[in-house]
Amino acid sequence: MKYLIKTYGCQMNVHESEKLAGILEDMKYTPCEKEEEADIILFNTCAIRESAEQKIYAHIGELKKLKKENKNLIIAICGCMSQQKNYPENILKKFPFVDIIFGTHNIAEFKTFIEKRKATKKKVVDITEVENIIKRDTMPKKRTSGVNAWVNIMYGCNNFCTYCIVPYVRGREISRPLEDVVSEVEELLKQGYKQITLLGQNVNSYGNDLNDENCTFAKLLQKLDSLNYDFWLTFMTSHPKDISTEVIDTIASSKHIFHYLHLPVQSGSTQILKLMNRRYTREAYLEKIKYAKSKIPDIEFSSDIIVGFPTETEEDFLDTVSLVQEVGYAQLFTFIYSKRRGTVAEKLDGQVDLATKKERLRRLIDSQSKKATEIAEKYIGKTVDVLVTDIHPKKKGFLLGSTFTNKNINFAGDSSLIGQFVKVKVLSSKLTVLTGEIVKE
Ligand code: SAH
Ligand code: SF4
Ligand code: F3S
């Protein structure tokens, strides 16, 4: 019996697919790569932008023929798209051949859903919002990201940025108990994982719901940093309004935490930030960046930007371009604003036309690529610590790795080095990617 999971969206989904794969493997399913070979195909979906949903719909549609040829094939859909109100009905109307639909709150029930489907031959639909966090966290996991392991520290989001669907499909913030996170990380380090990535929609509000002053994000980082293993630690995502000076100080004095921060700004215009309900100003954001740079001189930043939010003027947009230049991001994830059903921004006047959005996106990307190239060039000639993560998919005899500032680097070497820390001298750079050679200590 074979399974295939198609994952869309963010790291949260990537990790949840590892949990869903864990359930399938416990049921004696083995992974396969071709749809034709699969006995069960699961779509773990994303709803963040309309384009994401369109892509997923197209892929589900392609399975109609396969299902006709193989009546026993089970097609299941889960994740953020199916969690939206009325979506299961819509999905079944569009694709009557789908067998199982469940949401983001009940992934731990996947086995029950499959058994139910097999026993009754009826459609199984369950998107009820019951949060059984303990059950979810003890799920088996089929980890697939090499030397890195993902660890959830919290679920959900309370922020309701006016453009965003996530709070509606992921529910309110729930933090995992601190001891649970620490013991999961320690177990992973014992198993030999070299990089740990903590996951949450807003990791800086970790612990707010736990009512225990010892359970803050800074305290969690300090505790994890004190673990006596050879490893690197990183996390995502930080909300600029919540990241504290204590967190930045903790990174500065830590041994294991990346000198890298993904701190999504979304816009450089205070007026637009207000309409987005981000609850910080351009100046307050830049102040936090300045503080981090003063404490951690070699820190690198990345960010998410939305262009074309309702009412965004050329002037607002230019504020974004100038902020991006001022911060100097090593990497930028840029998006065209997409209207999401049920959000506050959906109802705002002043929607920006698509041509203007596309044109702004292009200009932003152009100015960023110049900046990112300059940032990467600064590494040339330096010797950096690198965690070897993989073999290079294209360059024969080459390996891939990451620096402590989260830059991708490639260099010649033997695959036995994967999972080890090495020193690499940077020889050249292309856009954001570095090339170098291993130096012996
Ligand atoms: N919790 C994280 C990630 C949210 S989703 C955070 O707060 O940063 C990842 C990114 O998608 C967001 O940062 C935002 O830039 C983008 N995004 C969210 N909703 C969007 C929408 N309706 N249209 C376009 N981009 C969107
Ligand atoms: Fe969405 Fe804002 Fe929550 Fe991030 S913080 S998930 S952008 S509502
Ligand atoms: Fe998408 Fe859900 Fe992540 S909407 S970005 S998969 S939290």
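The values are calculated or read from the model by the stated rules, or taken from the named source; none is laboratory data. All figures in this text were calculated on a predicted structure; none of them were measured in a lab. Heads up, the Cβs are rebuilt from the backbone with ideal geometry, glycines too, and the neighbour counts pull from every protein chain shown. What goes into the accessible areas is simple: the full protein's heavy atoms, side chains included, and nothing from ligands, DNA or RNA. Shrake-Rupley method; radii C 1.70, N 1.55, O 1.52, S 1.80 Å.
What does the charge dipole of the stretch 2-126 about its Cα centre add up to, to the nearest 20 debye, if the Cβ of each Lys and Arg holds +1 and the Cβ of each Asp and Glu holds -1? Could the numbers behind the result be given before it?
Numbers: 22 positive and 18 negative charges, 116 e Å.
Computed charge dipole of the stretch 2-126: roughly 560 debye.
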>> If the elastic network links every pair of Cα atoms under 10 Å, which of Lys370, Lys241, Lys142 fluctuates the most in the Gaussian network model of the chain?
In response: Lys370
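Using Cα-Cα distances under 8 Å and only pairs 6 or more residues apart, what relative contact order does the stretch 2-126 have, in percent? Show your work: numbers first, answer last.
On the way: 178 pairs, mean separation 29.7, N = 125.
Relative contact order of the stretch 2-126: 24 percent.
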>> List the Cys residues of the chain that have no partner Cys with a C-beta closer than 4.7 Å.
In response: Cys10, Cys32, Cys46, Cys78, Cys80, Cys157, Cys215
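Using a 1.4 Å probe and counting only protein heavy atoms, arrange Lys274, Lys123, Lys94 so the residue with the most accessible area comes first. The partial results should precede the final answer.
Values: Lys274 155, Lys123 95, Lys94 125 Å².
Output order, biggest surface exposure first: Lys274, Lys94, Lys123.
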>> As a test, work out the antiparallel percent of DSSP beta bridges whose residues both lie in the chain, rounded to the nearest 5.
In response: 35 percent
>> At R0 = 60 Å, how high is the FRET efficiency between Ala252 and Lys71 if r is their beta carbon distance? Nearest 0.05 is fine.
In response: 0.50
>> With a 10 Å cut-off between alpha carbons and a GNM built on the chain, which of Leu224, Leu20, Leu348 moves the most?
In response: Leu348
> Just by accessible area at a 1.4 angstrom probe, what is the order of Val185, Val384 from largest to smallest?
Replying inline: Val384, Val185
> Of Ser429, Gly22, Ser367, which is farthest on the positive side of the dipole of the chain, counting Cα position, with +1 on Lys and Arg Cβ, -1 on Asp and Glu Cβ, and the Cα centre as origin?
Replying inline: Gly22
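Could you sort Ser238, Ser322 by accessible area so the largest value comes first, with the probe set to 1.4 Å? Provide the component values of the computation, followed by the final result.
On the way: Ser238 5, Ser322 50 Å².
Final ranking, largest accessible area leading: Ser322, Ser238.
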>> Cut-off under 17 Å on the C-alpha distance; same-chain residues fewer than 8 positions from Lys19 excluded. Which lysines are left, in chain and number order?
In response: Lys2, Lys6, Lys28, Lys111, Lys135, Lys141, Lys142
>> Between the stretch 246-283 and the stretch 314-348, how far is it from one alpha carbon centroid to the other, in angstrom?
In response: 15 Å
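When DSSP assigns beta bridges and you keep just the ones with both residues in the stretch 2-126, what percent turn out antiparallel, to the nearest 5?
Values: 0 of 18 bridges.
In the stretch 2-126, approximately 0 percent of DSSP beta bridges are antiparallel ones.
Hey, how much of the P(r) for the stretch 96-204 falls beyond 20 Å, as a percent of Cα pairs? Don't jump to the answer; show the numbers that get you there.
Values: 3111 of 5886 pairs.
In whole percent, the share of Cα-Cα pairs in the stretch 96-204 beyond 20 Å is 53.
If the chain between Lys423 and Thr120 were fully stretched, how many nm would it gain, using 0.36 nm times the residue separation less the Cα-Cα distance?
Details: separation 303, 0.36 × 303 = 109.08 nm, distance 5.83 nm.
That pair, Lys423 and Thr120, stretches by 103.2 nm at full extension.
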>> Suppose only helical runs count, i.e. DSSP H with n ≥ 4. What mean residue ellipticity at 222 nm does that imply for the chain under -39500 (n - 2.57) per run, divided by all residues and rounded to the nearest 500 deg cm²/dmol?
In response: -10500 deg cm²/dmol
> So what are the three principal axis dimensions of the stretch 201-264 from its Cα atoms, in whole Å, longest to shortest?
Replying inline: 31, 27, 19
> When we measure straight from the Cα of Lys430, which lysines land under 25 angstrom away, once same-chain ones fewer than 8 places off are left out?
Replying inline: Lys293, Lys370, Lys371, Lys378, Lys382, Lys394, Lys395, Lys396, Lys407, Lys440
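Given a 1.4 angstrom probe, I'd like the percentage of the accessible area of the chain that is carbon and sulfur, rounded to a whole number. Don't jump to the answer; show the numbers that get you there.
On the way: 10370 of 20020 Å².
So the carbon and sulfur contribution to the accessible surface is 52 percent.
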>> What whole-number distance in Å separates the alpha-carbon centres of the stretch 98-175 and the stretch 207-230?
In response: 25 Å
> What is the gain in length, in nm to one decimal, between Lys64 and Lys395 on full extension, counting 0.36 nm per residue of separation less the C-alpha to C-alpha distance?
Replying inline: 115.3 nm
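I'd like the FRET efficiency for Ser294 and Gln191, computed as 1/(1 + (r/R0)^6) with the beta carbon distance as r and R0 of 30 Å, rounded to 0.05. Present the calculation step by step, with values, prior to reporting the outcome.
Numbers: r = 37 Å, r/R0 = 1.24.
Result of the calculation: an efficiency of 0.20.
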>> Using +1 at the C-beta of Lys and Arg and -1 at the C-beta of Asp and Glu, which of Gln266, Val203, Ile77 has the Cα lying farthest in the positive direction of the dipole of the chain?
In response: Ile77
> Where is the GNM fluctuation largest for the chain (alpha-carbon springs, 10 angstrom cutoff): Arg170, Arg278, Arg362?
Replying inline: Arg362
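Placing unit charges on C-beta atoms (Lys and Arg positive, Asp and Glu negative, everything else neutral), compute the dipole magnitude of the stretch 38-106 about its Cα centre in debye, rounded to 20. Kindly include the intermediate steps, with their values, before the conclusion.
Working: 10 positive and 7 negative charges, 39 e Å.
Computed charge dipole of the stretch 38-106: roughly 180 debye.
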> What list of ³J(HN,Hα) values in whole Hz, one per residue of the stretch 24-33 in order, does the Karplus curve 6.51 cos²θ - 1.76 cosθ + 1.60 (θ = phi - 60°) give from phi, with Gly and Pro shown as x?
Replying inline: 5, 5, 4, 8, 6, 7, 10, x, 9, 9
>> Of Leu275, His239, Tyr229, which is farthest towards the positive pole of the stretch 205-303's charge dipole, taken about the Cα centre with +1 and -1 on the beta-carbons of Lys, Arg and Asp, Glu respectively?
In response: Leu275
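Per residue, what accessible area does the chain have, given a 1.4 Å probe and all protein chains present, in Å²?
Details: 20020 Å² over 441 residues.
Spelled out: the 1.4 Å probe surface of the chain, per residue, equals 45 Å².
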